[in-house]
Amino acid sequence: MPATEGDLAAIARLAGVIWRAHYPGIISWEQIEYMLAKMYSLPTLREEIRQLGIRYERLLLGEDLAGFAAHGPTDEAGVFKLHKIYLHPAWHGRGLGSLLLRYCERQAAQAGAKRLVLTVNKRNTKAMAVYQRNGFVLLDSVVVDIGGGFVMDDYVFGKELGKSPPLT
């Protein structure tokens with residue numbers, strides 16, 4: 001379900017819960033807090049929606065926000081980027097992350113995307129396994145300076161759209 005600007009505070013709160021549960025051991029606590037402050041401030045989230053064409057999607061279970069994703073166009077024609085996709089740890093292992101991922105694939109395809117790309121931390125093996133199960137392939141390796149003395153040391157994965165497994 002598409003998110004509105006009114007949903008952004010809840011998305012930022014959920015991001016804090018998820019990041020603090022998932023990323024220790026992958027990146028430092030200092031980098032977790034730096035990235036949360038940088039990526040999930042309300043002004044940043046609003047700018048992504050208003051000026052960068054990024055669309056946020058919510059995964060609701062009843063009235064509860066169980067997860068979210070963000071995707072949008074890139075500078076390359078026909079290529080969209082999955083910027084974020086997160087699921088509360090209590091809901092892992094039930095196929096909901098894959099369901100949200102396929103939903104984003106369909107939304108991107110409807111918006112004209114032929115390919116969806118994403119980046120994932122090289123130590124985030126759990127996420128990489130999910131992406132590979134869903135048809136994403138390794139394309140590249142990148143290191144991006146994000147300021148504050150931190151880098152994102154990531155793999156780039158991609159998938160040609162229109163080749164999603166059927167919903168179950």
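Tabulated data for the structure shown
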| item | result |
| --- | --- |
| In the range 81-105, residue surrounded by the fewest Cβ atoms within 10 Å (Cβ to Cβ) [restricted to those that are more than 20 Å from residue 23 (Cα to Cα) and in contact (Cβ under 8 Å) with a residue 60 or more places away in the chain] | 95 |
| Residue that is over 22 Å from residue 127 (Cα atoms) and crowded, with 18+ Cβ neighbours inside 10 Å, where the choices are 76, 63, 48, 57 | 48 |
| Residue that is at pLDDT 95 or above and not aromatic (Phe, Trp, Tyr), where the choices are 167, 116 | 116 |
| Boolean, residue 130 is under 26 Å from residue 27 (Cα atoms), assigned to a helix (DSSP H, G or I) and among the β-branched types (Val, Ile, Thr) | yes |
| Residues being surrounded by fewer than 17 Cβ atoms within 10 Å (Cβ to Cβ) and of a type outside the set (Val, Ile, Thr) - total across the range 8-35 | 12 |
| Residue selected from the range 113-125 under the condition without any contact (Cβ under 8 Å) to a residue 40 or more places away in the chain and under 14 Å from residue 23 (Cβ atoms), by the criterion surrounded by the fewest Cβ atoms within 10 Å (Cβ to Cβ) | 125 |
| Positions within the range 89-125 being of a type in the set (Lys, Arg) and under 14 Å from the mean Cα position of the chain (by Cα), in sequence order | 102 |
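The values are calculated or read from the model by the stated rules, or taken from the named source; none is laboratory data. Just so we're clear, the structure is a prediction, and the values are computed from it rather than from any experiment. Ideal geometry is used to build each Cβ from the backbone, glycine not excepted, and the neighbour counts take in all protein chains shown.
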